[in-house]
Amino acid sequence: MSATATEPTSDQILERVISSLEDDKAEEIVTIDLRGRSSIADYMVICSGRSSRQVGAIAEKLMERLKEDFGRQCRIEGKEQGDWVLIDTADVIVHVFRPEVREFYQLEKMWMPSGAPV
């Protein structure tokens, strides 16, 4: 897929995010639909990498793929530490954690609709 003149939908970006995370062996990928619940993005994706190095690599490859496929420049925070990297694509917010850090912050519990299994 190459960059096009039309702006990608949030669903297209989400699909590419998920495939990139799966390609890079991210673990426990969770998608949270934020539409109608938050103005920050349409979706939030949370996943884990096994080490700080893998967390950084997952985030870096995701940014490269979104730029290549959609011409989308993303903002990134936390890559230097590798414990928790946040990638803001504007439509999809992606959190890549080391497992211990993910367990500590438990973002899924904060953002999942009440009654949804975590």
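General remarks:
- Looking only at the stretch 32-52, and only at residues there that are among the basic types (Lys, Arg) and at pLDDT below 95, the one that is surrounded by the most Cβ atoms within 10 Å (Cβ to Cβ): ARG37
- Unique match (being in contact with a strand residue (DSSP E or B) (Cβ under 9 Å, 6 or more places away or on another chain), touching a residue at least 12 places away in the same chain (Cβ under 8 Å), over 21 Å from GLU7 (Cα atoms) and crowded, with 20+ Cβ neighbours inside 10 Å) among ILE58, ILE29, ILE93, ILE87: ILE58
- Annotation: PRO8 fulfils all but one of (1) crowded, with 18+ Cβ neighbours inside 10 Å; (2) modelled with pLDDT of 95 or more; the unmet one is (2).
- Strands (runs of 3 or more DSSP E) wholly inside the stretch 38-118 containing at least 3 residues that are closer than 15 Å to ARG16 by Cβ: 43-48, 92-97
The values are calculated or read from the model by the stated rules, or taken from the named source; none is laboratory data. Quantities reported herein were computed from a predicted structural model and do not represent experimental measurements. No Cβ is skipped: glycine too gets one built from the backbone with ideal geometry, and neighbour counts run over all protein chains shown.
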